[in-house]
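*Asks:* The structure follows.
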Amino acid sequence: MDYWFDKAIAEKAVEPVKTFFSQAVVKVKPYRDSGQLKTFEGETQFFPGFRSQPTYGHTPGHSLYILENGGEKLVFCGDLVHVDAVQFDDPSVCIKFDSDPVKAAEQRKKTFADAAKTPYLLAFAHVSFPGVGHVRNEGDHYRWIPVEYMNDALKQEPQQSQGEKNMQTNEKQEAVSLLKSLETGDPKPLDYINPNKYIQHNLNVATGLQGLKELFSRLPPNTRVNTVRAFQDGPFVFVHNEYDFFGPKVGFDIFRFEDGKIVEHWDNLQEMPKQPNASGHTMLDGDTKVMP
């Protein structure tokens, strides 16, 4: 924790790592200041069957978290892998924002070798769903074998009335219009928000209606928003967008509606890759409608 709050280190850091220092202040400092944060160092047992294992490299404090019971083992690997299509095939490949790329690669190789030799489950934050599986050694590389997943909780959805269908259509349109107003500057879609309940989860935008208005004032005049697909599940509207502000981006926005008004918003933005992935796909291609 001392590393992330060291102003001297933060000043010398370059992007994208530099941004992480400011995020630590926003996300962690309130807990530290209120006395709710307890730190640990090295291998630590939190309670019987659950412990940490230091894997310093990606960050100075990166750790694996190991859950064991009855001869079974699950290792939560955090940021050990960022690009599963590449790093299982070649664990020596690192990413730009590894604090120590050499150590990060060493920890990845060590973890893969041990998990392949003594099969146990690994869980990753940046591996495609379900993100849990096994690693197999295949000569000069490793293969990721995800666990089989089946959602046995699926059930037949109740038939919607025409009024309910119309309401969902309107709410999707309102979410799309609100995002488009980032480009057009049109204030009318702000009326779709409940100003007394609106919660904003984007760390760079203050909560409430005023925070959204301040965002409008900060955006460059050449901002562009193109909605690729929008879906709705109950009170939640999911919107997949192509953005262009301070550079091209791809984003997922989630809105929660209550009594016909937007009361909550989450989003996740990523820089637009310059080329398709190894399978020839972009982050935006594919079907745009749900087929019955």
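*Asks:* Hey, with R₀ at 51 Å, roughly what FRET efficiency would LYS117 and ASN226 work out to, going by the Cβ-Cβ distance, to 0.05?
*Replies:* 0.60
*Asks:* If I fit a long axis through the Cα atoms of helix 209-218 and take the longest principal axis of the Cα atoms of the chain, what angle between them do I get, 0 to 90°, rounded to 10?
*Replies:* Between the helix axis and the principal axis of the chain, the angle is about 80 degrees.
*Asks:* So in segment 40-146, what percent of DSSP beta bridges are antiparallel if you round to the nearest 5?
*Replies:* Bridges in segment 40-146 are about 85 percent antiparallel.
*Asks:* Can I ask one more? For the chain, find the longest principal axis of its Cα atoms and tell me its angle to the long axis of helix 17-27, 0 to 90°, nearest 10.
*Replies:* With rounding to tens, the tilt is 70 degrees.
*Asks:* Another question, if that's okay. If you take percent of Cα pairs over 33 Å apart from the coordinates, which of (i) 27; (ii) 40; (iii) 37 do you get?
*Replies:* Computing percent of Cα pairs over 33 Å apart and matching it to (i) 27; (ii) 40; (iii) 37 gives (ii).
*Asks:* Treating cross-link reach as a plain straight distance, find the lysines whose alpha-carbon is under 28 Å from the alpha-carbon of LYS213, omitting any fewer than eight places away in the same chain.
*Replies:* Partners within reach: LYS18, LYS27, LYS29, LYS172, LYS180, LYS188, LYS197, LYS249, LYS261.
*Asks:* Taking 0.36 nm per residue of sequence separation and subtracting the Cα-Cα distance, how much length would be gained by fully extending the chain between GLU258 and GLN210, in nm to one decimal?
*Replies:* My answer for the length gained is 15.3 nm.
*Asks:* What's the local net charge at PRO60, with K and R +1, D and E -1, over the other residues with C-beta under 12 Å away?
*Replies:* Taking every other residue near PRO60 into account, the sum is -4.
*Asks:* So what's the net charge close to LYS110: Lys and Arg +1, Asp and Glu -1, counting the other residues with Cβ under 12 Å from its Cβ?
*Replies:* Net local charge, LYS110 excluded: +2.
*Asks:* Using the Cα centre as the reference, give the magnitude of the dipole from point charges on the C-beta atoms of segment 163-271 (Lys, Arg: +1; Asp, Glu: -1; all else neutral), rounded to the nearest 20 debye.
*Replies:* 140 debye
A short reminder: the numbers here are calculations on the coordinates, not readings from a lab. The shown structure was predicted, so the numbers you read here are calculated from the model rather than taken from an experiment. A quick note on method: Cβ atoms are made from the backbone with ideal geometry, for glycine too, and the neighbour counts reach across all protein chains shown.
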